[in-house]
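> Mind looking over this structure? Questions follow.
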Amino acid sequence: MASELHNLSDYDPQKVPSGAGRKVAVVYAEWNSDITYALRDGAINTLVANGVAKGDIETFSVPGSFELIYGASRLVKSNKYDAVIAIGCVIRGDTPHFDYICEGVTAGLSQLNISGDTPVIFGLITTNNLEQAQERSGGRLGNKGDECAVTALHMMAQFG
Ligand code: RBF
């Protein structure tokens, strides 16, 4: 499938707006931290590579992906940031919780995007197994954190 081949870290730097002067919050879940820390660091590195000052990036941890909703909501309401990036990793395993958490987080973050004045970037990886998550957090398929940072830069430039 074509989408399987898409590398999440591939972008044309010339087409990415500068983030100079922008303030960005990154909220990330501690569940599956091997993955989420790599996503968080990818997002930070890509923001910095595109002009966001290190001091203008603040990070916040929450226990699990479900708590990203509350965390992101607080950050939006603070009005301190030009964008909020929410990062988590939900691995299916054998549990039906997978669907509940994924649907909950998706609905919650979607709601924030239409109720607040700050773009909330969806950095939730949802995979069937750990290997697929590794592939998307700096492995074969790049790093979704990079993609989130690029998305944040576009949104801030367009609407900031
Ligand atoms: N949080 C994640 O970020 N990723 C997961 O894969 C994940 N799996 C969970 C599986 C079960 C059975 C439960 C009960 C929770 C899981 N959580 C996961 C945590 C969830 O996002 C949240 O932190 C807790 O449910 C407390 O609200």
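> Taking segment 11-33, which residues are under 11 Å from D56 (Cβ atoms) and either among the charged types (D, E, K, R) or within 16 Å of the ligand (Cβ to nearest atom) (or both)?
The answer is R22, K23.
> Checking the structure you have, find out if any residue of segment 83-103 is in contact (Cβ under 8 Å) with a residue 12 or more places away in the chain, surrounded by 19 or more Cβ atoms within 10 Å (Cβ to Cβ), farther than 24 Å from E135 by Cβ and β-branched (V, I, T).
Yes: segment 83-103 contains one or more residues that are in contact (Cβ under 8 Å) with a residue 12 or more places away in the chain, surrounded by 19 or more Cβ atoms within 10 Å (Cβ to Cβ), farther than 24 Å from E135 by Cβ and β-branched (V, I, T).
> Wholly within segment 49-138, which helices (runs of 4 or more DSSP H) include no fewer than the required count, namely at least 3 residues that are within 16 Å of the chain's Cα centre (by Cα) and within 14 Å of the ligand (Cβ to nearest atom)?
Here the list reads 68-78, 97-115.
> Check S65, S110 and return the single one that is closer than 20 Å to K144 by Cα, at pLDDT 95 or above and surrounded by 15 or more Cβ atoms within 10 Å (Cβ to Cβ).
Just one listed residue meets the conditions, S65.
The values are calculated or read from the model by the stated rules, or taken from the named source; none is laboratory data. It should be emphasised that the depicted structure is a prediction, and the values quoted were computed from it without experimental measurement. Cβ atoms come from the backbone with ideal geometry, glycine included; neighbour counts cover every protein chain shown.
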